[in-house]
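Structure, as structure tokens:
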Amino acid sequence: MNIHEYQAKQIFKAHGVPVPDGGPVTDEREARDLLKEIGPDVVVKAQVHAGGRGKGRVVKRDRAGRVYAELIADPEKSEGQIVGRRRGGVRLASGVEEALKEFRPMMDKDSRLVSVQTGADGVPISAVLIEQQSSIAHEYYFSVQVDGANGQPLIIASAEGGQSIEEVNRTNPRAVLRVPVDPVEGFPAFRGRSLASRLGIPTSAIRAAGDMFANLYRVFIDMDASLVEVNPFVLTSEGTVLAIDGKVGVDDNAAFRHGGYEEWRDRSQENPVEIEAEEANIGSYIKLDGNIGCVVNGAGLAMATMDTLMLHGGEPANFLDIGTVNRKDRVVEALRIIVNDPDVKTIFINIFGGLARVDIVAEGVVDAVNELKITQPLVVRLNGSNVEEGRRVLHDSGIAVQTADELGDAAALAVEAAQSGRRRSRSDG
Amino acid sequence: MSILLNNRTRLLIQGLGNEGQNQIRRSLDYGTTVVAGVHPGFRGGDTFNHGSHEFPVYPTVVEAVSKTRANCSIIYVPAPGAADAILENIAAEVPLIVCITEGVPVHDMIRVRTALEGSKSRLIGPNCPGIIQPASQCRVGIHPPDVFMPGNVGVVSRSGTLVYEAVDQLTRAGIGQSTCVGVGGDPIIGEQQQAILRRFQSDPDTDAVVLIGEIGGLAEQAAAAYIKRSMTKPVVAFIAGATAPPGRRMGHAGAIIEGEAGTAEAKIKALEEAGAVISRSPAEIGSTMRRVLEEAGKYQPPGAVEQA
């Protein structure tokens, strides 16, 4: 799960990481009060979870689709600006009135931020972060993340900050420093100072930079983060260091010891159907563009099912890993979400039971067909634990369903059903 | 006998909740030797019974190991306590630890990996289906036993359900399995694909290997480098997620596309260049392996491998 920049900066501040003066606002009076306090020169930043914000565009909802198409087709000509006519997600302003002119369209209920990463609908803007502008002498990059292969934290830093680190890595890999962290030692300030020195930070700022790195590492540990990224942190012309951006991703698996991260979560940034799937506790759901609704157990098999459908010329409407299903009502809930998706023309259920028992899945499918009055063609492939009972349950129920034992055959049936529409819905495989 | 397990494997089960109990019953039915349970405050008293099978239940791993000489642990402990359970097994010097649990926090796994350094233990998982060896009837995991058959092909996979899928295809194609290992789908795991390939390469009971990877991470590239450098046995590979939209998370925490290297195409290319035979479709893993074995003169009809 990602959190907002303003939240990341509140956490930074509480950990002793210097951030610009300012804060999040959602209405004009708050904005005006804050601007009087920190003005006149400010940065106005839309708070969204999506990446590509600065080069994205703040637009009315009804223009989102068109602007998204333009951004994809010709980014150079249509990307958002920090000053100028095309409003991006990050804007510079001078004085209260000018700043409010940037604030209003961002906080308008009808506005969306559209970037190359948001899709054609864009995302709503949850708040606006207004901060003092900083006098920047140099921009740097810093991040801590988990290096899976080595099983330890990895710090990445660069003196070429303020741009995509992937791009720096492509064009000038020697400018990207990688510092593996010994998890027992952690990242004490002296290691931070040594990194600051390697980055060429001037002697007078090395102590402050070393402390900042050590404190960012503490954020990583305290938050159970998968990523803490500051791009850029800057050396100001006064010679201090300052985190002027901040990104924190937390590990959903650690939510149990952080009160579910409820304090940091913003559901308005998430896909409503994905939230519904989570609340129904039916595993991991991701909406996609096709028309074959998929219910699969296991992330690997779910991806492989999508791969097989596409190799047969079909398009999945979603990714859904229902995990280990040992209760039939969860199958019904999963199918409710699939059936309510207007894009779904065919439903493909592919369950290979290990921990999951496929006879229970079969009972859930029968319940769902009766309860939800499913009209779309249904293709079911069952295998694994208790498969004979599962097939018997389906057969004895008399519901309209096509079945196949093997993945390839089942996928072919699903694609054929999706392409020929509802006419085949009563045929039995 | 093949890798990791054999007919001298003495299994300890940690976590005798409902699911742990269900699974250990199926392992006992399959023929696996289970010598001890560990479950502090176990409601069933100090023994676990299933039909004619019975094993003692202890509050700690160290006690279970000293009394029963268990040499392999299977962990079904829920996520908040899973890392603690792994650490307990490392401290008790259990040689092989298999952790099934899904949802272990990644920071906990950093501690586990640190503890594994220089220890006497090897870890498989977490978030994995475990290991199964049909010839010695040894099931250390959550597999549906019926689809497995003894034979000469090893299977290694990040995904659990794709182990079952691949094995089902192999069995239907008349190909048995030596050992099947699910290494797990999380960002930090114990042994990775490359380490398992090395074990298969030096195993006289394995003639070829199915390698199943997925998008995200660099583990398949490491596996490809090993295949190129040292592997003489044929490898058939499938990478799941070729059609996944970039940047979206697909359930496995490890399956995030990181730049170019995490894509299915990059992994397929690395494996192809290393000499692996790629099955583009997940539905053709079995038929591809059958062809590869026949070309190598290593195809053994079912029944050719004796039960241990």
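The values are calculated or read from the model by the stated rules, or taken from the named source; none is laboratory data. If you're wondering where the values come from, they're calculated on a predicted model, not measured in any experiment. Glycine also receives a Cβ, built like all others from the backbone with ideal geometry; neighbour counts cover every protein chain displayed.
Give the residue that is farthest from residue B:216 (Cα to Cα), with candidates limited to residues of the range A:134-162 that are free of Cβ contacts under 8 Å to residues at least 24 places away in the same chain and either within 14 Å of chain B (Cβ to nearest Cβ) or surrounded by fewer than 18 Cβ atoms within 10 Å (Cβ to Cβ) (or both).
Step one: of the range A:134-162, the residues free of Cβ contacts under 8 Å to residues at least 24 places away in the same chain are A:148-149, A:151, A:156, A:160.
This time we only want the ones that are either within 14 Å of chain B (Cβ to nearest Cβ) or surrounded by fewer than 18 Cβ atoms within 10 Å (Cβ to Cβ) (or both), so: A:148-149, A:151, A:156.
On the way: A:148: 11, A:149: 11, A:151: 15, A:156: 19 Å.
Step by step, filter the range A:134-162, then rank; the result is A:156.
Which of the residues belonging to the range B:281-304 are touching a Ser or Thr at 6+ places or on another chain (Cβ under 9 Å) and either free of Cβ contacts under 8 Å to residues at least 24 places away in the same chain or within 14 Å of chain A (Cβ to nearest Cβ) (or both)? Working first, answer last.
Just the residues of the range B:281-304 that are touching a Ser or Thr at 6+ places or on another chain (Cβ under 9 Å), to begin with: B:281-283, B:285-289, B:302.
Once the filter is applied, which keeps residues that are touching a Ser or Thr at 6+ places or on another chain (Cβ under 9 Å) and either free of Cβ contacts under 8 Å to residues at least 24 places away in the same chain or within 14 Å of chain A (Cβ to nearest Cβ) (or both), the range B:281-304 yields B:281, B:282, B:283, B:285, B:286, B:287, B:288.
Residues in the range A:246-265: is at least one surrounded by 15 or more Cβ atoms within 10 Å (Cβ to Cβ), of a type in the set (Lys, Arg) and part of a helix (DSSP H, G or I)?
No, the conditions are met nowhere in the range A:246-265.
Find the residue count for the range A:308-320, including only residues that are within 7 Å of chain B (Cβ to nearest Cβ) and surrounded by fewer than 24 Cβ atoms within 10 Å (Cβ to Cβ).
2
What are the residues in the range A:108-127 that are surrounded by fewer than 20 Cβ atoms within 10 Å (Cβ to Cβ) and aliphatic (A, V, I, L, M), if any?
Within the range A:108-127, A:116, A:120 meet the criteria.
Take the conditions aromatic (Phe, Trp, Tyr), touching a residue at least 24 places away in the same chain (Cβ under 8 Å), closer than 21 Å to residue A:279 by Cβ and not in a helix (DSSP H, G or I) and apply them to residue A:319. Does it pass? Walk me through how you get there before you give the answer.
On the way: aromatic (Phe, Trp, Tyr): yes; touching a residue at least 24 places away in the same chain (Cβ under 8 Å): yes; closer than 21 Å to residue A:279 by Cβ: yes; not in a helix (DSSP H, G or I): yes.
Here the answer is yes, as residue A:319 does meet what is asked.
Could you check, for the range B:132-141, whether at least one of its residues is charged (D, E, K, R) and either facing chain A (nearest Cβ under 10 Å) or surrounded by fewer than 24 Cβ atoms within 10 Å (Cβ to Cβ) (or both)?
Our first condition is that a residue be charged (D, E, K, R); within the range B:132-141, this holds for B:139.
When the remaining residues are screened for being either facing chain A (nearest Cβ under 10 Å) or surrounded by fewer than 24 Cβ atoms within 10 Å (Cβ to Cβ) (or both), the result is none.
No - not one qualifying residue is present in the range B:132-141.
Test of understanding: among A:196, A:205, which residue is surrounded by 21 or more Cβ atoms within 10 Å (Cβ to Cβ), more than 30 Å from residue B:115 (Cβ to Cβ) and more than 12 Å from every other protein chain (Cβ to nearest Cβ)?
Working: A:205 fails: surrounded by 21 or more Cβ atoms within 10 Å (Cβ to Cβ).
Being surrounded by 21 or more Cβ atoms within 10 Å (Cβ to Cβ), more than 30 Å from residue B:115 (Cβ to Cβ) and more than 12 Å from every other protein chain (Cβ to nearest Cβ) holds for just one of A:196, A:205, which is A:196.
Could you run through the range B:115-131 and say how many residues are free of Cβ contacts under 8 Å to residues at least 60 places away in the same chain, outside any loop (DSSP other than H, G, I, E, B) and not assigned by TED's automatic domain parsing to the domain that holds residue B:24?
The initial filter retains those residues of the range B:115-131 that are free of Cβ contacts under 8 Å to residues at least 60 places away in the same chain, namely B:115, B:117-121, B:129-130.
Checking the rest, the ones that are also outside any loop (DSSP other than H, G, I, E, B) come to B:115, B:130.
Still in the running and not assigned by TED's automatic domain parsing to the domain that holds residue B:24: B:130.
Within the range B:115-131, residues that are free of Cβ contacts under 8 Å to residues at least 60 places away in the same chain, outside any loop (DSSP other than H, G, I, E, B) and not assigned by TED's automatic domain parsing to the domain that holds residue B:24 number 1.
Please go through the range B:142-160 and pick out each residue that is surrounded by 24 or more Cβ atoms within 10 Å (Cβ to Cβ) and either more than 8 Å from chain A (Cβ to nearest Cβ) or free of Cβ contacts under 8 Å to residues at least 12 places away in the same chain (or both).
B:148, B:151, B:153, B:154, B:155, B:156
Collect the residues in the range B:57-114 that are more than 19 Å from the chain's Cα centre (by Cα), touching a residue at least 40 places away in the same chain (Cβ under 8 Å) and in a strand (DSSP E or B), keeping them in residue-number order.
Hit for the range B:57-114 is B:57, nothing else.
Looking only at the range B:174-192, count every residue that is touching a Leu at 6+ places or on another chain (Cβ under 9 Å) and more than 11 Å from every other protein chain (Cβ to nearest Cβ) and tell me the total.
Taking the range B:174-192 and keeping what is touching a Leu at 6+ places or on another chain (Cβ under 9 Å), we get B:175-177, B:179, B:181-182, B:189-191.
After this cut, where a residue has to be more than 11 Å from every other protein chain (Cβ to nearest Cβ) as well, the list is B:175-177, B:179, B:181, B:191.
Adding up the residues that qualify gives 6.
Residues A:290, A:298: which one is in contact (Cβ under 8 Å) with a residue 12 or more places away in the chain, surrounded by 18 or more Cβ atoms within 10 Å (Cβ to Cβ), in contact with a helix residue (DSSP H, G or I) (Cβ under 6 Å, 6 or more places away or on another chain) and within 14 Å of chain B (Cβ to nearest Cβ)?
Values: A:290 fails: in contact with a helix residue (DSSP H, G or I) (Cβ under 6 Å, 6 or more places away or on another chain).
After applying the criteria, what remains is A:298.
Being at pLDDT 95 or above and at positive phi narrows it down to one residue among B:31, B:41, B:37; which is it?
Criteria check complete, one pass: B:31.
Which of the residues that make up the range A:225-245 are in a strand (DSSP E or B), over 21 Å from residue A:23 (Cβ atoms) and over 18 Å from the mean Cα position of the chain (by Cα)? Before the answer, list the steps.
We begin by selecting, within the range A:225-245, every residue in a strand (DSSP E or B); these are A:225-236, A:241-243.
Restricting the remaining residues to those that are over 21 Å from residue A:23 (Cβ atoms) gives A:225-227, A:235.
Across the range A:225-245, the qualifying residue is only A:235.
Do we have residue A:351 as more than 9 Å from every other protein chain (Cβ to nearest Cβ) and either in contact with a helix residue (DSSP H, G or I) (Cβ under 7 Å, 6 or more places away or on another chain) or of a type in the set (Val, Ile, Thr) (or both) here?
No: the conditions fail for residue A:351.
Output yes when any residue across the range B:139-146 is assigned to a loop (DSSP other than H, G, I, E, B) and more than 13 Å from the chain's Cα centre (by Cα), and no when none is. Steps first, answer last, please.
Just the residues of the range B:139-146 that are assigned to a loop (DSSP other than H, G, I, E, B), to begin with: B:142-144.
Now narrow it down to the ones that are more than 13 Å from the chain's Cα centre (by Cα): B:144.
Yes - at least one qualifying residue is present in the range B:139-146.
For the range A:354-378, how many residues meet the condition of being more than 14 Å from chain B (Cβ to nearest Cβ), of a type in the set (Val, Ile, Thr) and either in contact with a helix residue (DSSP H, G or I) (Cβ under 7 Å, 6 or more places away or on another chain) or surrounded by 24 or more Cβ atoms within 10 Å (Cβ to Cβ) (or both)?
Summing the residues that are more than 14 Å from chain B (Cβ to nearest Cβ), of a type in the set (Val, Ile, Thr) and either in contact with a helix residue (DSSP H, G or I) (Cβ under 7 Å, 6 or more places away or on another chain) or surrounded by 24 or more Cβ atoms within 10 Å (Cβ to Cβ) (or both) in the range A:354-378 gives 4.
Between B:216, B:190, B:275, which is at pLDDT 95 or above, buried (at least 24 other Cβ atoms within 10 Å of the Cβ) and either of a type in the set (S, T, N, Q) or in a loop (DSSP other than H, G, I, E, B) (or both)? Steps first, please.
On the way: B:216 fails: at pLDDT 95 or above; B:275 fails: buried (at least 24 other Cβ atoms within 10 Å of the Cβ).
After applying the criteria, what remains is B:190.
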